[in-house]
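**Q** Handing you a structure now.
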Amino acid sequence: MKKLVLVLCLMVSSMAMAQKTEGVVTYVRKDYWSKMISRLTFLSQEQKDRQTQLRKNWEENNKGTKMKMAFNANESLYTYFSTEPEEGGYSWRQYELDLYRNFEKDKKTDIIEMLGKTYVVEDSIHAPVWKIGNQIKEVAGFICMKAETEDPVKNQKITAWFAQDIPVSAGPERMCGLPGLILELNIDDGTVIIEATNVAFRPLTADDLKLPKVKGKKIDDAAYDKVIRQYIAQQTVAHENPYWEIRY
Amino acid sequence: MRNLSLLALLCLLTASLYAQSPPAATRFTLQGRAVDTTSAPLPSSTVMLLSAKDSSMVNFTRTGDNGAFTFKNIKAGTYILKISFVGLIPYNQLIKHAGEPVMDLGPLKLKPITRELMEVVVRTAKAPLTIKGDTIEYNASSFKVPPGSTVEDLLRKLPGVQVDQDGNIRAQGQEVKKVTVDGKSFFGDDPKLATKNLQAEAITKVQVFNDKTEQAKMTGVDDGKKEKTVNLQLKEEFKKGGFGKLTAGAGPASNNVSTRFEGKGSYNKFDSKQQFSALLLGNNTNQQGLSFNDYQDFRGSNSFNWNDNADFGFSGSNRYLYFGDDNESLTIPISGGNGRGFTKNTAGGLNYNYDTKKTKLSTSYYFNQTRLNLDALRENKSYLPGSTNLRKTDTSSQSNLATNHRISFRLEKQLDSMQTLLIISNSRFGLNTSNLQSQQRVFQSVANSAELPTTYSQSTNNSSANQFAIANTLLYRLKFKKKGRNFGASATFQMNKNDGDLLLKARNEFYQATSVNDMLRILNQDQGTNSVSNQYKANLLYVEPFAKKFFWETFYNFNLRYDEVDRDVANLDDSRRRIDSLSLYYKNNYLFNRLGSSVRYSYKGLNISAGVAGQQFQLDGKFARDQSQPLQPINRTFTTVIPNVSLNFDLKNNRYLGANYDVGVQIPSSRDLQPVTSNSNPLAITRGNPNLLPQLGHNLSASYNYFNPGSFINLWTNIYTTYFVNQIVYSQTVDPKTLITTTMPENLTGGKNLGSNIYFGFPLKKTKATLNLNTSLNLGHNLTRINEVLNETNNQNYSFGVRLELTPKEWITFYGNANMSITNTKYSINTTQNQTIYNNSIRGDLNLKLPGDFYLNTTLNYNEYKNEKLNFNQQIPLLSSSIYRIVGKAKKAEIRLSGFDLLNRNVVVSQYAGQNYTSTERIQSLARYFMLSFTYNMRGVQAKMRRDYY
């Protein structure tokens, strides 16, 4: 078996040298609350329409949250771009969010603060099963192909656009496992859009991939999914929007 | 090398997965070579192996230098092989494994995407290009055409499509025979019909493909002929929408109450840019205006705007100045609840919003009219220095008709990415007529002696007024390239015009008068008052980020208010002779200048700011009894320095800490400044004071909140205190002979208050039962001068509340709350009159879903008002219930039977203890009535069992 891998490695090594596989991507994440509210099953059409009409201009003015991801062929770390307030406004504390992937070791460490706790999810990567589509488009200067998957826990349709010529399996939020770097994520027909605005290729330093030292409750993927599933069920029963407190 | 390990890993994974099964014909190796149309190898192409069933990715690899790829040890089955390379059409091939151990596909040719498509569509228009076999799909919204363009104009822009002068279309060189819209043929076979008539704006996608001929479709026999077809896909949001709602109800006359009715209709129409809404309502069930939901439906995207504040000041505090004027608001009033007395209401309006990224326009017209009949019984007990008490009773009957027209305009224009211009204009035109008949009696008691009647007064006030008010604001904001650097400038012009006339007839009998002349006073006056108040404001703001995490904010405010009052009072019993003591001509300029600066530190949820402002007020007034007489000047200048400190700290785990110190400034109202005597209530005369200074309140507050979204536990606490300098208080002098009270505002320093609120909520059982507890405390120390003696009133208010939400099942919900409030009031001038008043309430709201799609809602509102000293004790239970059923297959209609105040006990009561008096008020109000109503909602009716929080 090992020989096979070695042969394969050698075979692809020459072409891979020419590729750019290390750097930092900047993303902008935008949440469209009216679409999110429209998906809440307990609301009447009248309430959904009211919110859609009301929030129209706010959503247009929403500049989104800047995120960044450091990546190389084996690892990636996705987190906030900055803790500073944009455009000099008041500073609000952000929920801790650091998503680390190691593709070589098939390991991930996700530090996620939610529901009044800080969780540290440690497990193997568990990349979703992707369906590859027939569309191409440009994101941040790269020609990307379309891939689709579903989140069975949040019951979401996820569309990813991955770069044809950046052979890295990393991606924003908790998405990864495509033949190219994911430069855009579109959750539930534009309810949340995470779009790359810039890809800078440069050698990473050790700090780029360093997780902050945070104390938290250690859980695995199954336990994490259970927390999310329970919370969504609970909030839906209580007629409350679960996504004020967890990421959509 | 790292990326190699990744690939190796993936291969290893795949390989190791399958390595366990025995090698057989069930496994095979797939290999091939990616080449371009000239057979040159395509190194580093992405090669993906997809499941043929659902296109899900099974494995992937990259081609080597020679374009070759290999998938080893693949489970036998059917796959789709997909190869992609930048600039080439992705290659797809179905792989059916026929049993051979190695399947060699040989060279696989990838065709180029035409340069045009690649450059124009993908790179320039950033449009996704969908390739479905031989179909290429464009995203039409990416191709900019001028507004009003037709689809034909759009097609001309698309690469690979030509449209000739006659409108004939050719795509990829072939003539287009058919144009469909959303897959359906559009008004017959002529392709030009659709392209010449449809608006380009309405189209989201243009698909060009080869379709079977109509003949082949009809016969089902594929004749092999293909027609070039263009399909136009309509935009989702362009599909225009409209919705409406109508409610009509009526109830029989009963219980001395005439027939009840209510009606409300609304219609909204919208598309991606525009929102239009119309609303009309009328009722005699005390529903005076728009509910919060009605308002949002009416105003749509313009319901709330955050950045409209043109009065710059210390960040965090919105307004820097408060005016005492109680003018009705210029914007549409939101009110739901049951009003006092009996009202008949009409309201209606139109709203139009036009929103694009650069321009946001909103205009509205709103009309409302309320006819109010109010019968009130009031009792007031006031305490004078020494041991004298006065008790006044007032029985009044009032009928009012108030009509208001409101027009609003708001335009927000994004001049470029850095500059924003905002124009806001709100205006109101109001007409009021009122007739008030009142009977008052005054009783005096000294120490513990028996009460003696002193005065009896009967009066009739007929008044009418025209009001016009307008506020226009221009606001300009500029952002700089340097993040956080901001500039703002604004100008505002406000005008308030009021032309009023009061016919006052009163007959006052004074039982204790010593001379015959003083025993009876009869008033028969015509009081005409014309007043204008103009306000000019200009504001500047500059924010400079002078170091990392630090911001320096500077602002300047200019404010000039010009008041002019012309008041003529004539005695109708004396051939309209002018009464000089009540007439006045008055002009003033109230000039206000403020310059302030503050420094803010903002980082990681911590915001601290500290600043100081200097402000100067200049009053320049002139008055005379008449316009023709020489004007007497009043000049005052008042300068003060106001500090401002604030702290906001967003801590870990949803905890927030806040603390604030600021100085609030309240400018005396125009009415309080005018040296005018008003005798509209002949026993309670009010007089203005031109020497009034602005009131300063030093406010200190702190708050701490905690919220745990996991356990649903909430805690909110705050504490606040205010110390007043130059507080505007209403001092009284009581004429020892007639016991007529004259009230005049003056400035007193030393008033203060201190309070705290605590709110704690937690689930008894998650999603089923929630309990909230709250308590608050308020201690007040207020000063007033009564007959030149300084009176200190101390109020202590304690309140406790509990709220319970029960939502055990889908068919039953209950929301209940109970509140208890105790107020102790102590008067320094008359310690024997210390009061304790109680205001208690219990409310319950029960929702039930009954069999047969019936729903029942029952509410009980129980209020108790008690003052033992005054022997006042009133309990009011209000029980209301409604049963409704959603009818029709589409669930768009509702029939409802409601009974309001089933026990027929409604009286609106209030009580107050403060200053030097206690008072109670009882107002006869709309009590028991029944109503049968019907609602039709185009978007469907949903039963309301729960309160939603979203």
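**Q** Pick from B:VAL908, B:VAL941, B:VAL887: which is over 30 Å from A:GLN234 (Cβ atoms), open to solvent by 20 Å² or more (accessible area, probe 1.4 Å), of a type outside the set (Lys, Arg) and within 31 Å of the chain's Cα centre (by Cα)?
**A** Residue meeting the stated conditions: B:VAL908.
**Q** Mind checking which residues of the range B:506-554 are closer than 30 Å to B:ARG578 by Cα and basic (Lys, Arg)?
**A** B:ARG507, B:ARG521
**Q** Here is a further query. Of the numbered conditions (1) at pLDDT 90 or above; (2) in a loop (DSSP other than H, G, I, E, B); (3) not polar (S, T, N, Q), A:TYR100 satisfies every one except a single condition; which is it?
**A** Unmet condition: (2).
**Q** Could you list, ordered by first residue, the pairs with Cβ atoms under 7 Å in which the first is in the range B:603-625 and on the phi < 0 side of the Ramachandran plot and the second is among the aliphatic types (A, V, I, L, M) and outside any strand (DSSP E or B), at least 6 apart or interchain?
**A** Between residues of the range B:603-625 that are on the phi < 0 side of the Ramachandran plot and residues that are among the aliphatic types (A, V, I, L, M) and outside any strand (DSSP E or B), the close pairs are B:LYS622/B:LEU631; B:PHE623/B:LEU631; B:ALA624/B:LEU631.
**Q** Then there is this: Pull up the range B:726-760, narrow it to residues that are farther than 30 Å from B:ARG636 by Cβ and open to solvent by 40 Å² or more (accessible area, probe 1.4 Å), then point me to the one that is farthest from the chain's Cα centre (by Cα).
**A** Only one residue tops the list, namely B:LYS737.
**Q** Let me ask something else about it. Output the number of the condition that A:ASN72 fails; it satisfies all remaining conditions of (1) facing chain B (nearest Cβ under 7 Å); (2) surrounded by fewer than 16 Cβ atoms within 10 Å (Cβ to Cβ); (3) in contact (Cβ under 8 Å) with a residue 60 or more places away in the chain.
**A** (2)
**Q** Go through the range A:152-248 and tell me which strands (runs of 3 or more DSSP E), entirely inside it, have 1 or more residues that are under 28 Å from B:VAL47 (Cβ atoms) and open to solvent by less than 10 Å² (accessible area, probe 1.4 Å).
**A** By residue number, A:156-163, A:182-187, A:192-201.
**Q** Name every residue in the range B:785-798 that is open to solvent by less than 20 Å² (accessible area, probe 1.4 Å) and either within 41 Å of the chain's Cα centre (by Cα) or without any contact (Cβ under 8 Å) to a residue 24 or more places away in the chain (or both), in order of residue number. Please lay out each step first, then the result.
**A** First, pick out the residues of the range B:785-798 that are open to solvent by less than 20 Å² (accessible area, probe 1.4 Å): B:786, B:791, B:793.
Across the range B:785-798, the qualifying residue is only B:THR793.
**Q** Among the residues of the range B:99-110, are any open to solvent by less than 60 Å² (accessible area, probe 1.4 Å), within 13 Å of chain A (Cβ to nearest Cβ) and either at pLDDT 90 or above or touching a strand residue (DSSP E or B) at 6+ places or on another chain (Cβ under 7 Å) (or both)?
**A** The answer is yes; a qualifying residue exists.
**Q** Follow-up question, since we're still on this one. Return the residue satisfying two criteria in turn: it lies in the range B:619-644 and is open to solvent by 70 Å² or more (accessible area, probe 1.4 Å) and assigned to a strand (DSSP E or B), and of such residues it is farthest from A:LYS215 (Cα to Cα).
**A** So, considering only residues that are open to solvent by 70 Å² or more (accessible area, probe 1.4 Å) and assigned to a strand (DSSP E or B), the one farthest from A:LYS215 (Cα to Cα) is B:GLN632.
**Q** Residues in the range A:41-54: is at least one buried (at least 20 other Cβ atoms within 10 Å of the Cβ) and more than 10 Å from chain B (Cβ to nearest Cβ)?
**A** no
**Q** Just the residues that are crowded, with 19+ Cβ neighbours inside 10 Å and within 14 Å of another protein chain (Cβ to nearest Cβ), please, taken from the range B:485-535.
**A** Scanning the range B:485-535 gives B:ASN486, B:GLY488.
**Q** Those residues that are under 12 Å from A:PRO179 (Cα atoms), facing chain A (nearest Cβ under 8 Å) and under 54 Å from the mean Cα position of the chain (by Cα), I need them from the range B:48-65; list them, please.
**A** Residues satisfying the conditions are B:MET48, B:MET57, B:PHE60.
**Q** Examine the range B:771-779 for a residue that is open to solvent by less than 60 Å² (accessible area, probe 1.4 Å) and more than 30 Å from B:TYR827 (Cα to Cα), and state whether such a residue exists.
**A** Scanning the range B:771-779, I find at least one residue that is open to solvent by less than 60 Å² (accessible area, probe 1.4 Å) and more than 30 Å from B:TYR827 (Cα to Cα), so the answer is yes.
**Q** Regarding B:SER628, is this residue more than 40 Å from the chain's Cα centre (by Cα), more than 15 Å from B:VAL665 (Cβ to Cβ) and free of Cβ contacts under 8 Å to residues at least 24 places away in the same chain?
**A** Details: more than 40 Å from the chain's Cα centre (by Cα): yes; more than 15 Å from B:VAL665 (Cβ to Cβ): yes; free of Cβ contacts under 8 Å to residues at least 24 places away in the same chain: yes.
Against the criterion (more than 40 Å from the chain's Cα centre (by Cα), more than 15 Å from B:VAL665 (Cβ to Cβ) and free of Cβ contacts under 8 Å to residues at least 24 places away in the same chain), B:SER628 qualifies.
**Q** Please go through the range B:773-787 and pick out each residue that is part of a strand (DSSP E or B) and either in contact with a Pro (Cβ under 7 Å, 6 or more places away or on another chain) or among the hydrophobic types (A, V, I, L, M, F, W, C) (or both).
**A** Answer for the range B:773-787, where residues must be part of a strand (DSSP E or B) and either in contact with a Pro (Cβ under 7 Å, 6 or more places away or on another chain) or among the hydrophobic types (A, V, I, L, M, F, W, C) (or both): B:LEU773, B:LEU777, B:LEU779, B:LEU783, B:ILE786.
**Q** Please pick out the residue among B:LYS737, B:LYS766, B:LYS752 that is of a type in the set (Lys, Arg) and without any contact (Cβ under 8 Å) to a residue 40 or more places away in the chain.
**A** B:LYS752
**Q** Hey, another quick one. What residue, among those in the range B:600-618 that are more than 21 Å from B:ARG655 (Cβ to Cβ) and open to solvent by 60 Å² or more (accessible area, probe 1.4 Å), is nearest to the other protein chains (Cβ to nearest Cβ)?
**A** This residue is B:VAL612.
**Q** Can you confirm whether the range B:655-677 contains a residue that is within 26 Å of the chain's Cα centre (by Cα), within 14 Å of chain A (Cβ to nearest Cβ) and more than 30 Å from B:LYS766 (Cβ to Cβ)?
**A** yes
**Q** Restrict the check to the range B:80-87 and report whether at least one residue is surrounded by 19 or more Cβ atoms within 10 Å (Cβ to Cβ), more than 14 Å from chain A (Cβ to nearest Cβ) and not small (Gly, Ala, Ser).
**A** Within the range B:80-87 (the criterion being surrounded by 19 or more Cβ atoms within 10 Å (Cβ to Cβ), more than 14 Å from chain A (Cβ to nearest Cβ) and not small (Gly, Ala, Ser)), the answer is no, since none of the residues qualifies.
**Q** For A:VAL168, work out the one condition from (1) modelled with pLDDT of 95 or more; (2) in contact with a helix residue (DSSP H, G or I) (Cβ under 8 Å, 6 or more places away or on another chain); (3) not small (Gly, Ala, Ser) it doesn't fulfil.
**A** Looking at each condition in turn, A:VAL168 falls short on (1).
**Q** Take A:VAL121 and decide whether it is in contact with a helix residue (DSSP H, G or I) (Cβ under 7 Å, 6 or more places away or on another chain) and outside any strand (DSSP E or B).
**A** When the stated conditions are applied, A:VAL121 does not pass them.
**Q** Test A:LYS131 against the stated conditions and say whether it is open to solvent by 40 Å² or more (accessible area, probe 1.4 Å), in contact with an Asp or Glu (Cβ under 6 Å, 6 or more places away or on another chain) and within 11 Å of chain B (Cβ to nearest Cβ).
**A** Criteria met by A:LYS131.
**Q** Within the bounds of the range A:95-108, is there any residue that is under 15 Å from the mean Cα position of the chain (by Cα), in contact (Cβ under 8 Å) with a residue 40 or more places away in the chain and farther than 22 Å from A:ALA160 by Cβ?
**A** yes
**Q** Related question: Count, please, the residues in the range B:558-589 that happen to be in contact (Cβ under 8 Å) with a residue 12 or more places away in the chain, in a strand (DSSP E or B) and within 20 Å of B:GLN627 (Cα to Cα).
**A** Going through the range B:558-589 one residue at a time, the tally reaches 17.
**Q** Within the bounds of the range B:288-301, is there any residue that is buried (at least 17 other Cβ atoms within 10 Å of the Cβ), in a loop (DSSP other than H, G, I, E, B), at pLDDT below 85 and away from chain A (no Cβ under 14 Å)?
**A** Yes.
The values are calculated or read from the model by the stated rules, or taken from the named source; none is laboratory data. Bear in mind the structure is a predicted one, so any value in this text is a computation, not a measurement. Because the Cβ atoms are built from the backbone with ideal geometry, glycine has one as well, and the counts that use them run over all protein chains shown. In case anyone asks, the SASA skips ligands and DNA or RNA and just uses the protein heavy atoms, side chains included. Shrake-Rupley method; radii C 1.70, N 1.55, O 1.52, S 1.80 Å.
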